[in-house]
1. Among the candidates 77, 60, single out the residue that is surrounded by fewer than 20 Cβ atoms within 10 Å (Cβ to Cβ) and not aromatic (Phe, Trp, Tyr).
2. Confirm whether residue 58 is part of a loop (DSSP other than H, G, I, E, B), at pLDDT below 95, in the same structural domain as residue 183 (by TED's automatic domain parsing) and farther than 24 Å from residue 274 by Cα.
3. What do you reckon, is residue 345 at pLDDT below 90, assigned to a strand (DSSP E or B), more than 24 Å from residue 377 (Cα to Cα) and not β-branched (Val, Ile, Thr)?
4. Regarding region 232-246, can at least one residue be identified that is over 30 Å from residue 52 (Cα atoms) and touching a residue at least 24 places away in the same chain (Cβ under 8 Å)?
5. Scan region 125-149 residue by residue and report those that are over 9 Å from residue 49 (Cβ atoms), touching a residue at least 12 places away in the same chain (Cβ under 8 Å) and not in a loop (DSSP other than H, G, I, E, B).
6. Does residue 200 qualify as being polar (S, T, N, Q), more than 22 Å from residue 133 (Cα to Cα) and assigned by TED's automatic domain parsing to the domain that holds residue 56?
7. Kindly check whether there is at least one residue in region 162-175 that is over 18 Å from residue 16 (Cα atoms), surrounded by 21 or more Cβ atoms within 10 Å (Cβ to Cβ) and at pLDDT below 95.
8. Of the residues that sit in region 310-339 and are at pLDDT below 90 and among the β-branched types (Val, Ile, Thr), which one is farthest from residue 258 (Cα to Cα)?
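The values are calculated or read from the model by the stated rules, or taken from the named source; none is laboratory data. Source: prediction; values computed, not measured. Cβ coordinates were reconstructed from backbone atoms using ideal geometry, including for glycine residues, and neighbour counts include every protein chain displayed.
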Amino acid sequence: MIRRMSIAHDLETLPIPAKLPHRLLAWYDAVEHARDMPWRRTRDPYAIWLSETMLQQTQVETVKPYYAKFLARFPTVAALAAAPLEEVLALWAGLGYYRRAKHLHLAAKRMVADHGGALPGTPEGLRTLEGVGRYTAGAIGSIAFGLPVPVVDGNVMRVLARVFAYDRDIAVPAHQAFFWETAGRLVSAAPAKRFGDFNQAMMELGATVCTPAQPACLLCPLKDFCRAFAEGRQAELPVKSKKKESPILRGTALVIFRTAGKGKSREVLLMQRPVGGIWENMWEFPVIPSGNRGALAAFKLSEPVRCGAVKHTLTHRTIQLKVIRAANNGTSLPAELPACLGAQSPYQKSRWHPWPLAGTELPVSRLVHKIAELIAEHP
């Protein structure tokens with residue numbers, strides 16, 4: 001088979017269809033094409049920054065309730081900056097990628113200290129904030145401040161790869177300059193005051209029409225400009241190398257109960273992860289890594305019962321845990337906790353917490369709730 005020639009990658013001479021931005025915006029303006037999202041009803045830079053941060057690697061429907069609760073509790077940059085980090089993490093609990101919440105909190109403090117509680121109005125200024133990269137700065141800059149700056153995410157790369165028949169591996173960082181340069185030229189060709197709408201339209205097209213599998217090409221407003229459609233190459237593009245298989249981390253989660261107080265209420269042992277690494281500052285049931293059996297003795301378990309196992313998939317790893325329910329007959333924690341887990345202990349604090357965990361104000365991950373749900377099935 002004769003391999004089709006790649007397009008010329010001289011970005012300065014790459015022809016940009018003059019009508020493309022107008023055609024895309026006309027499609028986006030049609031009510032049935034632009035999904036109704038709460039962050040599209042505002043031009044408040046803070047609200048837009050929050051939404052773009054939450055939407056990083058997280059689906060729209062998952063974000064919506066978190067966005068509403070977060071804004072209700074922290075309606076301004078100043079309110080967010082004044083809150084304790086643990087409260088911010090607790091409100092974020094279940095959304096995943098918790099470092100985003102820490103970065104939001106740090107950036108809010110910086111804005112109060114250095115910018116009068118307001119977001120910087122330039123992409124360069126925005127990128128000085130914790131957690132704000134090129135994409136987020138472009139989204140805030142174009143949507144909130146009306147600047148002709150591009151955004152490039154997976155949806156935008158897919159659209160551009162097909163429109164311009166770009167057949168280099170998009171997973172290679174060096175190849176992504178094509179998308180940023182091309183998206184920049186396209187947004188600059190959009191009508192004034194509509195740069196943010198154009199960027200949102202590009203992402204919306206990739207999310208709803210120019211999808212990874214079975215794109216709805218006949219419904220696409222850009223089909224007249226699309227080389228992949230003209231050449232029947234939609235299924236081939238974009239080219240993306242396969243991800244490496246995620247490592248599997250195995251261990252044992254201990255759900256340890258005690259009775260406390262005159263009412264004999266039940267409490268469960270939780271431990272707090274340290275600063276740095278996954279789930280920093282969040283609380284969880286103690287987890288013993290595979291092969292560290294000696295640590296089990298330090299917890300002084302009584303009547304241990306194996307309740308099954310849970311699996312939790314993250315972006316770069318999969319966690320598989322056996323779950324053991326047990327009791328602690330004393331009224332206090334072992335004196336050596338959390339140091340009993342060794343010099344490499346993944347915890348900094350421990351505490352007893354009322355059971356069940358539902359409605360807890362402590363920041364806990366979705367994995368913790370999975371374990372709690374499993375325990376509830378084994379009363």
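1. Working: 77 fails: surrounded by fewer than 20 Cβ atoms within 10 Å (Cβ to Cβ).
Checking each option against the conditions leaves just 60.
2. Details: part of a loop (DSSP other than H, G, I, E, B): yes; at pLDDT below 95: yes; in the same structural domain as residue 183 (by TED's automatic domain parsing): yes; farther than 24 Å from residue 274 by Cα: yes.
Yes, satisfied.
3. On the way: at pLDDT below 90: yes; assigned to a strand (DSSP E or B): no; more than 24 Å from residue 377 (Cα to Cα): yes; not β-branched (Val, Ile, Thr): yes.
Answer is no for this residue.
4. yes
5. Selection gives 134, 135, 137, 138, 141, 142, 143.
6. Numbers: polar (S, T, N, Q): yes; more than 22 Å from residue 133 (Cα to Cα): no; assigned by TED's automatic domain parsing to the domain that holds residue 56: yes.
Against the criterion (polar (S, T, N, Q), more than 22 Å from residue 133 (Cα to Cα) and assigned by TED's automatic domain parsing to the domain that holds residue 56), residue 200 does not qualify.
7. Quick first cut of region 162-175, residues over 18 Å from residue 16 (Cα atoms) only: 168-175.
From what is left, the residues that are surrounded by 21 or more Cβ atoms within 10 Å (Cβ to Cβ) are 170.
Now restrict to residues that are at pLDDT below 95: 170.
Yes: region 162-175 contains one or more residues that are over 18 Å from residue 16 (Cα atoms), surrounded by 21 or more Cβ atoms within 10 Å (Cβ to Cβ) and at pLDDT below 95.
8. Per the stated criteria, the residue is 315.
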